[in-house]
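Asks: I have a structure I would like to understand better, so I am pasting it below and will then ask my questions one at a time.
The values are calculated or read from the model by the stated rules, or taken from the named source; none is laboratory data. Treat the numbers as computed from the prediction; the structure is a model and nothing was measured. Here the Cβ positions follow ideal geometry from the backbone for every residue, glycine too, while neighbour counts run over all protein chains shown.
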Amino acid sequence: MNDSQSKTTHFGFQTVDEDAKAGMVHGVFSKVASKYDIMNDLMSVGIHRIWKDAMMDWLAPRPGQKLLDVAGGTGDVAFRFLNRAPGATATVCDMTESMLIAGQQRAEAEDMAQRLDWVVGDAMALPFESNSFDTYTISFGIRNVTRVQDALNEAYRVLKPGGRLMVLEFSQIPNELMQKAYDLYSFNIIPVMGQIVANDRDSYQYLVESIRKFPDQDTFLGMIRKAGFEQASYRNMTMGIAALHSGWKI
C-alpha cells in the first residue's frame, strides 16, 4: 500500500480515505443546497446573521477591494461585503455547483451581478493566481475541507501582501457544562430539523459531527500562524459556539 492510499481523515465521526472525503462532502451540500439558507436560520435561530455582520465589522471592507469568499455557497458573506464596499468586487468559490446556483438565484445576486463572479473550485487547490486578492473569507466551510492546513496555505498564496484572512467557524465552548448542553441540542434537535425541513437527516447528522471534530480556537490559531499569517487572533462569538479568526499576509 502506498502512502496516498494509507491516508485517512474524518467524515463526521467516521474514518474515511482522504481521497473519498471531498466527494462525500460534495454529496452532502448537493443535497441540502435548496434548503441551506433556511436551515441556517432555523439551526442558529438567526444568530448566524449576527455573526456574519460581526465578521464584516471586524473586516471593515474598503472601496475597491477584491474579495475571495471560499466555500461561499449561496453568497451570504459576499453580499454583505459588497454592500459595505462601493466599487469592490467579490469572487464566490465553492466546490458544489448547486450551492453556487442557489446563490445566483437570490435577488441580491442579480443586483450585484457586475461585481460578482461564481467559480467552482477546491479550497486546497484554488484556481487563481498568487497575490490576487485583498481579502479571503471562509464561513462555516473550512471544517469540511479534507486537509485544513492545505486550505490555509492556499489562502496565504492567493492573498496580496497586506491581504487579510478571516475565518468564521463553529468552535468549542470553553465551559464544559455549557458545551454539553449545546451538544445535547446539536445532536438531538438539528438532525431532526434537517429531516423535517430538508428531508435529509443524515447530512445534518454529519454537519453536527463535523463541528465536534474541528480543532479548538487555539489549535486552529496555530494552524493559521503555520500557514504564514501574522498578527493572528480570534474572537469568540456567543460564548464560543462560533469563533472568528483573523490573520494578515505581511
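Asks: Select from segment 46-76 the residues that are surrounded by 13 or more Cβ atoms within 10 Å (Cβ to Cβ) and charged (D, E, K, R) and write down the one among them that is nearest to residue 110 (Cα to Cα).
Replies: Filtering segment 46-76 for residues that are surrounded by 13 or more Cβ atoms within 10 Å (Cβ to Cβ) and charged (D, E, K, R), the one nearest to residue 110 (Cα to Cα) comes out as 76.
Asks: Further question: In this structure, does residue 141 turn out to be in contact with a helix residue (DSSP H, G or I) (Cβ under 6 Å, 6 or more places away or on another chain), within 23 Å of residue 214 (Cα to Cα) and at pLDDT below 95? Give the steps one after another, and end with the answer.
Replies: Details: in contact with a helix residue (DSSP H, G or I) (Cβ under 6 Å, 6 or more places away or on another chain): no; within 23 Å of residue 214 (Cα to Cα): yes; at pLDDT below 95: yes.
The answer is no for residue 141.
Asks: Looking at residue 189, is it farther than 30 Å from residue 132 by Cβ, free of Cβ contacts under 8 Å to residues at least 24 places away in the same chain and not acidic (Asp, Glu)? Break it down stepwise before answering.
Replies: Details: farther than 30 Å from residue 132 by Cβ: yes; free of Cβ contacts under 8 Å to residues at least 24 places away in the same chain: yes; not acidic (Asp, Glu): yes.
Criteria met by residue 189.
Asks: Taking segment 197-250 as the search range and keeping residues that are part of a loop (DSSP other than H, G, I, E, B), aliphatic (A, V, I, L, M) and surrounded by 18 or more Cβ atoms within 10 Å (Cβ to Cβ), which one is nearest to the chain's Cα centre (by Cα)? Give the steps one after another, and end with the answer.
Replies: Residues of segment 197-250 that are part of a loop (DSSP other than H, G, I, E, B), as a first pass: 199-200, 214-216, 227-229, 241, 249-250.
Next, only the ones that are aliphatic (A, V, I, L, M) stay: 227, 241, 250.
With surrounded by 18 or more Cβ atoms within 10 Å (Cβ to Cβ) added as a condition, the list becomes 227, 241.
Values: 227: 17, 241: 15 Å.
Among them, the one singled out is 241.
Asks: Here's a follow-up. Would you pick out the residues in segment 126-146 that are under 22 Å from residue 242 (Cβ atoms) and either among the aliphatic types (A, V, I, L, M) or surrounded by fewer than 17 Cβ atoms within 10 Å (Cβ to Cβ) (or both)? Break it down into steps so the answer makes sense when it comes.
Replies: Here is the first cut: in segment 126-146, the residues under 22 Å from residue 242 (Cβ atoms) are 135-146.
Passing the criteria: 138, 142, 145.
Asks: Can I ask one more? Anything in segment 49-75 that is under 15 Å from the mean Cα position of the chain (by Cα), under 22 Å from residue 148 (Cα atoms) and assigned to a helix (DSSP H, G or I)? List them, or say none.
Replies: Across segment 49-75, the qualifying residues are 51, 52, 55.
Asks: Identify all residues within segment 77-106 that are touching a strand residue (DSSP E or B) at 6+ places or on another chain (Cβ under 7 Å), crowded, with 17+ Cβ neighbours inside 10 Å and in a helix (DSSP H, G or I); write none if there are none.
Replies: The answer is 77, 78, 81, 82, 100, 103.
Asks: Output the number of residues of segment 168-185 satisfying the condition of being out of contact with any Gly (no Cβ under 6 Å at 6 or more places or on another chain) and either of a type in the set (Gly, Ala, Ser) or part of a strand (DSSP E or B) (or both).
Replies: Of the residues in that region, 4 qualify.
Asks: Within segment 1-34, which residues are touching a His at 6+ places or on another chain (Cβ under 9 Å) and not in a helix (DSSP H, G or I)?
Replies: So the first thing to find is which residues in segment 1-34 are touching a His at 6+ places or on another chain (Cβ under 9 Å), and the list is 16, 21.
Scanning segment 1-34 gives a single hit, 16.
Asks: Here is a check on your reading of the model: is residue 43 within 21 Å of residue 108 (Cα to Cα), surrounded by 16 or more Cβ atoms within 10 Å (Cβ to Cβ) and in contact (Cβ under 8 Å) with a residue 40 or more places away in the chain? Talk me through it step by step, then tell me what you get.
Replies: Numbers: within 21 Å of residue 108 (Cα to Cα): no; surrounded by 16 or more Cβ atoms within 10 Å (Cβ to Cβ): yes; in contact (Cβ under 8 Å) with a residue 40 or more places away in the chain: yes.
Judged against the criteria, residue 43 is not a match.
Asks: Has segment 35-43 got any residue that is among the aliphatic types (A, V, I, L, M), in a helix (DSSP H, G or I) and under 12 Å from residue 77 (Cα atoms)? It would help to see each step written out before you state the result.
Replies: Taking segment 35-43 as the starting set, the residues that turn out to be among the aliphatic types (A, V, I, L, M) are 38-39, 42-43.
Of the ones still in play, those that are also in a helix (DSSP H, G or I) are 38-39, 42-43.
Remaining after also requiring under 12 Å from residue 77 (Cα atoms): none.
No, every residue in segment 35-43 fails to be among the aliphatic types (A, V, I, L, M), in a helix (DSSP H, G or I) and under 12 Å from residue 77 (Cα atoms).
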